[in-house]
Amino acid sequence: MKISNKHTLYLSIYAFCVIFCPPIIPRFDIVLIGFSGMMIFFKYRSRFISAVFKSGIATWVKLMVGLACYVALIPLPLSAFFYNDVVQVGHYISLVNRYGLMTIAVIVCGSYFFMELQRNEYDFSGFLKVIFYAGAIESTCCVLSLMFPRVKNLFVSLMLANTGSELYQNTWYITVRAYGFSNTLVDLFGLGISVIASSCLLYGVFKEKKFIFLSIYISIATALNSRTGLLIYLLCACLVVIYMMFTGSLKKFLVGVMVLALAVSGFNILMNSNILDEATKGWIEAGFESVYDLIETGKAESDSLGVLFQDSWWELQKGIRLLFGTGHSRYGANGYTHTDVGYVNEIWLFGVIGVCVLYISIAFLIWKYSFKWKDRLVNCIGIILFVEYFAFNVKAVALGYNPGAMSILLILFGIKFFFEKKEKGRKGSVQI
């Protein structure tokens, strides 16, 4: 069966909605999960369970349920009964929403997405292209916001009305950043864009060269909204060059160098153009100056990077609660100094034991799904997913229903789903 452009367009828009959850209406995430569940019921209910296991989503669900039970049985009672440490109810609800909604979205939306792709005979390359086109849709929203102030005002008004975030009432933020249309446009957005752009870059190097240019286009979205995402993307571009250098392929090494040169040149053109607002230019430049100061002196005294490395942001609990956790994080918890740092917040929540289980499980799943197959593209994508997740977690908690976590999980489970299908196809097994 020939893959139609209509199917690709539909699936690209669907992937865009799943990853970026554009707030067209209030609680669009719930609406999207409801729509996906309904489609599964009417079209794929006999295949649903098989798809959940075949994609590896079932393993992720077991991990999340296991951690939830652990928190409910050990850290929460320990904090409540022995330390009288109970924070506001809203904080616990936000934690359930962070990990729970993400897991439900992966089960329902991820399974429907994979089954729809398989029904229309997409292979792994086709799946990746759909993800790249989803990133391109978001980048187009960012470019339109940059070029046409009325479009930006429309997107900002929708995001304010349908997310309730006070960030979209902040004059500095909506002047300097807020380009695009997503449930969030801060660092977790940058992580999602960098994951998609980096994977697209690898696909361009190994498969079709035109996707190198699409990768650079996608990265515009993080350049305008998240310096963290931009830095991670550039780091991954450097890793691609280093990888090509050590594989012994001169041609691919030169391609890698060309990619890095194109990315830097494109960034310079953007920074020197009249299109970009002076305040946005200053914000981007300040971020790179902070990184330079950190490398040069070991300290970043100004900008958000300076705040990130303050001692207070890295303060951990003590005693037995360091080992088992407190059942809450420090992100927005009453009575505690706020911190964004992902590792710190998850150690407070799960304890050293819990985060070891979580991080080792994530690293194992990436290794298991990405390195089981003798495919250099898949192997390199696995490395990128590992580096981006663990590098970003310094800045903030990566997990949750956000563009970063959803792009990582969809690509990871997509690898297993399509390569298991490919392997079974070789053995003549019946497909689901």
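Every number here is computed from the coordinates shown, using simple stated rules; none is lab data. These numbers were taken from a predicted model, which means no experiment stands behind them. So basically every Cβ, Gly included, is an ideal-geometry build from the backbone, and we count neighbours across all protein chains shown.
Using a simple spin-label model with pseudo-atoms 7 Å out from Cα toward Cβ, residue 148 and residue 161 lie 1.7 nm apart. Figure legend: label point modelled 7 angstrom from the Cα of residue 5 along Cα→Cβ; residues of region 197-236 with amide N under 20 Å from it are 210-211, 214.
Quick one: go through region 208-227 and flag any residue whose amide nitrogen is under 17 Å from the point 7 Å out along the Cα-to-Cβ line of residue 258. Within reach of a label on residue 258, which here means backbone N under 17 Å from a point 7 Å along Cα→Cβ, region 208-227 contributes 208-217.
Can you give the FRET efficiency for residue 269 and residue 171, using 1/(1 + (r/R0)^6), R0 = 41 Å, r = Cβ-Cβ distance, to the nearest 0.05? It comes out at approximately 0.90.
Equivalent-ellipsoid semi-axes for region 33-98 (Cα gyration tensor, √(5λ), whole Å, largest first): 35, 15, 7.
Sorting 7, 328 by the number of Cβ atoms found within 10 Å of their own Cβ, with the fewest placed first, yields 7, 328. Spin-label model, residue 338 to residue 376: label points 7 Å out along the Cα-to-beta-carbon direction sit 4.7 nm apart. For the chain, relative contact order (Cα pairs under 8 Å, six or more residues apart, normalised by length) works out to 23 percent.
For 128, 95, 76, what ranking results if the residue with the fewest other Cβ atoms within 10 Å of its Cβ goes first? The partial results should precede the final answer.
Working: 128 25, 95 22, 76 18.
Lowest to highest Cβ neighbour count: 76, 95, 128.
Summary value for region 168-242: 36 percent relative contact order, contacts being C-alpha pairs under 8 angstrom separated by 6+ residues.
Restricting to DSSP H runs of at least four residues, report the calculated mean residue ellipticity at 222 nm for the chain, -39500 (n - 2.57) per run over all residues, nearest 500 deg cm²/dmol. Helix-only estimate at 222 nm: -23000 deg cm²/dmol. If R0 is taken as 60 Å, the Cβ-Cβ distance between residue 92 and residue 247 corresponds to a FRET efficiency of 0.80.
The listed peptides 217-224, 154-161, ordered by packing as a protection proxy, come out as 217-224, 154-161 (highest mean of other Cβ atoms within 10 Å first).
Charge tally around residue 103: other residues with Cβ under 14 Å, Lys/Arg +1 each, Asp/Glu -1 each, net +1. When restricted to Cα atoms, the chain yields an Rg and a Dmax of 21.5, 64 Å, respectively.
Just rank 206, 53, 392, fewest to most, by other beta-carbon atoms within 10 angstrom.
Details: 206 18, 53 13, 392 25.
Fewest to most other Cβ atoms nearby, the residues stand as 53, 206, 392.
Report the local net charge at residue 233: Lys and Arg +1, Asp and Glu -1, summed over other residues whose C-beta lies under 11 Å from its C-beta.
On the way: positive: 227; negative: 388.
Combined, the nearby Lys, Arg, Asp and Glu give 0.
Can you tell me the length gained on complete extension of the stretch residue 119 to residue 53, counting 0.36 nm per residue apart and subtracting the Cα distance?
On the way: separation 66, 0.36 × 66 = 23.76 nm, distance 1.71 nm.
Extending this stretch completely gives an extra 22.1 nm.
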